[in-house]
Amino acid sequence: MKIIYFILLLTSVSFTACESQPLANKFAQNYLKGAYAYNDRNYQNSIEYLKKNSDNNKKLDEISEYYKIESQFFIGSVYFNKLHDSVNGLRYLELAADNGNPRALESLTALYRDGLFGIPKNTTLAMEYFIKIENAKKIWAEKEQHLIEWSKKQKQ
């Protein structure tokens, strides 16, 4: 519940600030709709909204790119935890991790370290993901701080 609350809070802050950037606004809307569908336990609809962000291969502004990567992590989590689909879950977590999402890196570390959800244990991969976590957290915190600062400037 805390994660969903944070997602909705962060999304609502940036959503109001994205009015001048239609693409960022669209990404924020998709993310928010996906979060609401998830909260309503409508996991397939949640994935459909989030995939609109995740599967976008266009060159994106910083705000849209943030939502794309967050959507990849969210989709992976829904596949693993709610739909019990480890193939798609792993695919989306790896996309998010490759794009620097620290929560995806933490999830993959645990999956490979402990062999969860039918994923074979692989301590080498677990260690590779683990090593990347601290740096990713710093970079991700900077992105989130920039998102909040940018949102405040847009409101002025």
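Between helix 62-81 and the chain there is an angle of about 40 degrees, using the helix long axis and the longest principal axis of the Cα atoms. Residue separation of E128 and N39 scaled by 0.36 nm, minus their Cα-Cα distance, works out to 28.8 nm of gained length. How far is helix 123-155 tilted off the main Cα axis of the chain, in degrees rounded to 10, range 0 to 90? With rounding to tens, the tilt is 10 degrees. Taking amide H atoms as placed 1.01 Å from N in the peptide plane, the amide H of N122 lies under 5 Å from those of R113, G115, each 5 or more residues away in sequence or on another chain. Computed from Cα positions, the angle between helix 102-114 and the longest principal axis of the chain comes to roughly 10 degrees. In percent, rounded to a whole number, the relative contact order of the chain is 19, using alpha-carbon pairs under 8 Å and six or more apart.
Set against the labelled values (1) 102; (2) 144; (3) 131, volume of the Cα convex hull per residue in Å³ computed from this structure falls on (1).
In segment 31-48, whose amide N lies under 20 Å from the spot 7 Å out along Cα-to-Cβ of D61? List them in ranges. Taking a point 7 Å out along Cα→Cβ of D61, the residues of segment 31-48 whose backbone N falls under 20 Å are 31-33. Packing, as the average of other Cβ atoms within 10 Å across residues, places the peptides 103-109, 147-153, 89-95, 127-133 in the order 103-109, 89-95, 127-133, 147-153, highest first. Neighbour counts of other Cβ atoms within 10 Å put F117, F74, F80 in the fewest-to-most order F117, F80, F74. Set the Förster distance to 30 Å, then compute FRET efficiency between K121 and K26 from the Cβ-Cβ distance, nearest 0.05. Between K121 and K26 the formula returns 0.15.
Computed per residue of the chain from DSSP H runs no shorter than four, each worth -39500 (n - 2.57), the mean residue ellipticity at 222 nm is -27000 deg cm²/dmol. Extending 7 Å from Cα along the Cβ direction at K138 and again at V87 yields two label points whose distance is 3.9 nm.
Bear in mind that the values in this text are calculations on the coordinates, not laboratory data. Everything quoted here is computed from the prediction, not taken from an experiment. Cβ sites come from the backbone with ideal geometry, for glycine too, and all protein chains shown count toward neighbours.
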